[in-house]
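Taking it in order: structure first as structure tokens, then the write-up.
The values are calculated or read from the model by the stated rules, or taken from the named source; none is laboratory data. From a predicted model like this one, the values you see are computed outputs, not experimental measurements. Here the Cβ positions follow ideal geometry from the backbone for every residue, glycine too, while neighbour counts run over all protein chains shown.
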Amino acid sequence: MAAPRGSLWESVFDNGVDSPPLAADATVVQAYLDATRSLIAKRAPLTAFLFIFFVGNGSLLEWWYYADRRETLLAVCTAELALLAGHMILARYRPARIWPATVLVYVALAICMSTYFAASHGSAEMLAIGLSLALGGTGVMFPWGALGQGLYGLGSLIAYVGALGGGATSQLTMMHDVFALIAAASITALGAHVLDRHRWLVFRNGAELQRANARQRQETAISNALLNLTQALNNSLRDPQATAEQLNEQTRSALGLDWAITVLLDAQRQVYRTVAVSGPYHEVFDEVRTLEVASGTFPLHQAVQREGLVEITDRERQDLLPRGLMERWHARTMLAAPIARADRVVGVLMGGHVETGEDGSGSAPRHASFTDTQRRLLKSFAQQAAVALENAQLMEAAREASRIKSEFVATVSHELRTPLNVILGYTDLLVEHALGALSPEQHEALLRVRLRSLHLLDLIQDILDVNRIESGRVPVTIEEFPVAEVLQSVSTNLPAAWRKPEVQLDFGAPHGHLVLRSDRAKVEMIVRNLVHNALKYTERGTVSVSVASRPAARALEFVVRDTGTGIAQEELPRIFDMFHQVNGSARLLENGGVGLGLYIVRRLIDALGGTIAVHSEVGRGSQFTVSLPLEPTPVVALREATQ
Ligand code: ADP
């Protein structure tokens with residue numbers, strides 16, 4: 001009958017501990033029963049001691065006051081001692097049987113006590129008191145629950161009734177004594193039950209907590225391993241082979257395996273190939289590495305595709321991997337997970353344990369199967385692997401495409417430059433009348449051809465420069481040089497076509513005392529490009545270049561000023577972008593250039609660890625200020641800056 005909630009009856013089972021309903025988890029129940037048995041076994045000696053102490057003292061009184069009972073007393077005490085010794089031996093050597101053994105031994109002790117009182121015609125009340133005390137003692141000492149205590153109580157009662165029948169003398173009615181004994185048995189059984197419930201609850205909650213902690217530790221271990229893997233894979237992302245090797249090694253160490261192999265599908269040849277292998281027995285590595293299996297005939301591939309995670313716990317009873325190879329590899333067990341892209345298996349990540357024997361001949365496998373954490377980790381690693389390997393391959397493909405593009409651009413630009421120089425050479429000859437007289441119209445037309453050809457040459461030069469920078473082929477070379485030499489070089493190498501009759505070009509006073517440690521060629525290119533722009537966008541007035549030292553900032557400033565068209569404020573943030581031109585392509589026809597000059601300038605300045613600022617006013621002119629560090633402390637190699 002179900003007890004009403006909150007009733008008096010229910011309160012007997014209420015432990016005062018707020019807890020969810022008791023879950024009957026078989027493993028926890030089993031562990032609880034084991035713990036109970038071991039506790040009973042552990043308490044057997046102490047209980048025996050208490051029994052001997054109290055019953056022994058009682059016996060001494062009997063011995064003292066009733067000399068005629070001594071013989072019986074001696075026999076009973078010997079039997080009791082033998083029983084207690086037997087109980088302790090059982091507790092030591094047969095703890096699994098301790099529960100029924102304890103009930104039997106203590107019922108037997110009750111029978112001994114009853115036998116003594118019956119044989120000596122002793123007081124039944126004394127016997128009842130003795131049995132009740134013993135019941136109280138076991139209720140406290142043995143966590144055997146209501147059943148254990150109840151059986152012992154019943155046994156005591158029967159023994160007591162037997163004693164009455166056998167000759168024990170009672171001062172009161174028999175019912176008085178029986179009632180007292182029933183009361184003692186019931187109350188102690190109830191106490192044992194409450195204790196048992198409480199122990200179970202504490203035990204179950206403890207087990208739950210342990211399990212939660214273990215889960216938490218597992219989750220932490222898995223996230224740490226994944227984090228390590230991600231970091232390792234990120235570091236090797238530029239190289240698919242290095243990525244595969246990292247993945248393989250991380251799998252082996254994170255899962256605590258002896259060996260690991262990564263197999264990938266070679267899409268072109270439709271074969272599965274080993275791309276990474278790690279573990280002991282290096283002599284087999286080459287064999288494993290050269291292993292190739294046609295994609296349709298690889299049983300492991302089909303198995304992981306079907307089941308997700310595949311396990312070999314005994315190499316003799318499997319046909320997923322060549323048995324001979326596993327033997328030579330000393331591999332005893334294997335766990336494999338698919339590396340899948342969009343539901344298509346493109347590889348297998350696997351690992352396992354080797355045999356325990358030093359020489360590989362050991363019989364028992366160190367780990368017959370894998371833990372839940374290992375399974376989860378391998379699955380997660382394989383998922384990460386798919387993404388990482390794909391990224392690495394994409395990066396390699398992108399790098400390859402970029403390399404081909406760079407080569408293409410470089411080749412085409414070079415090929416264009418050669419005939420263009422020929423065109424310019426002949427145009428110059430024609431313009432200078434070296435090949436005969438020209439009409440004014442012809443002269444005018446040839447001048448235009450010449451101008452456009454020069455623009456085209458600049459454009460090709462810009463494209464070549466950008467191409468070199470983008471492909472990282474412009475290393476930074478640091479040297480010490482006088483700034484004046486740079487300005488001198490820019491000034492003398494300025495193509496005549498850039499100059500304009502109404503624009504005065506001023507390179508300022510000689511800066512003989514200023515010395516810079518930087519990349520000379522790049523500094524020259526920066527100044528030259530800025531001067532070129534200033535000349536391009538100035539019809540009349542001045543273009544000036546000045547240099548100033550900024551000791552506080554440990555920098556040198558190049559300032560290129562012009563009195564040209566100026567740039568609208570809203571355009572300023574974008575003029576350094578690649579291919580960005582103010583007013584779009586209209587400028588191309590007018591001035592040449594495609595919007596690469598300032599982009600090149602900014603990339604070079606970045607590589608030298610400098611900065612550039614621009615102030616401009618439409619109709620009044622512009623000022624570009626380049627600040628370069630005196631010492632190239634954080635000089636970033638252009639290769640790095642461009643990647
Ligand atoms: P472009 O090859 O068109 O000159 P740049 O990258 O050198 O390309 O410059 C980008 C844009 O910035 C130019 O189209 C031009 O409109 C503007 N610009 C650059 N320098 C100046 C300057 N000194 N005066 C006016 N406008 C300039």
Filtering region 413-451 for residues that are under 60 Å from the mean Cα position of the chain (by Cα) and surrounded by 13 or more Cβ atoms within 10 Å (Cβ to Cβ) leaves a count of 4
Checking SER120, SER114 in turn, the sole residue that is among the polar types (S, T, N, Q) and surrounded by 22 or more Cβ atoms within 10 Å (Cβ to Cβ) turns out to be SER114
Across region 276-292, the tally of residues that are of a type in the set (A, V, I, L, M, F, W, C), without any contact (Cβ under 8 Å) to a residue 40 or more places away in the chain and touching a helix residue (DSSP H, G or I) at 6+ places or on another chain (Cβ under 8 Å) stands at 3
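The rows are residues; the columns are (1) more than 22 Å from SER59 (Cα to Cα); (2) at pLDDT 95 or above.
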residue: THR102; (1), (2): yes, yes
residue: SER120; (1), (2): no, no
residue: GLU125; (1), (2): no, no
residue: GLY145; (1), (2): yes, no
Note on region 166-194: residues farther than 15 Å from SER132 by Cβ, part of a helix (DSSP H, G or I) and in contact with a helix residue (DSSP H, G or I) (Cβ under 8 Å, 6 or more places away or on another chain) are GLY166, MET174, HIS193, VAL194
In region 235-254, is there at least one residue being in contact with a helix residue (DSSP H, G or I) (Cβ under 6 Å, 6 or more places away or on another chain), farther than 27 Å from GLU400 by Cβ and assigned to a helix (DSSP H, G or I)?
yes
Is there a residue in region 355-370 that is small (Gly, Ala, Ser), at pLDDT 90 or above and surrounded by 14 or more Cβ atoms within 10 Å (Cβ to Cβ)? no
Within region 155-171, the residues that are of a type outside the set (S, T, N, Q) and in contact with a strand residue (DSSP E or B) (Cβ under 9 Å, 6 or more places away or on another chain) are ALA168
Considering every residue within region 213-231, establish whether at least one is over 30 Å from PRO338 (Cβ atoms) and out of contact with any His (no Cβ under 7 Å at 6 or more places or on another chain). yes
Of all strands (runs of 3 or more DSSP E) fully inside region 264-328, the set with 1 or more residues that are out of contact with any Leu (no Cβ under 7 Å at 6 or more places or on another chain) and surrounded by 15 or more Cβ atoms within 10 Å (Cβ to Cβ) is 271-278, 292-294
So is GLY597 small (Gly, Ala, Ser), within 8 Å of the ligand (Cβ to nearest atom) and within 30 Å of GLU479 (Cβ to Cβ) or not?
yes
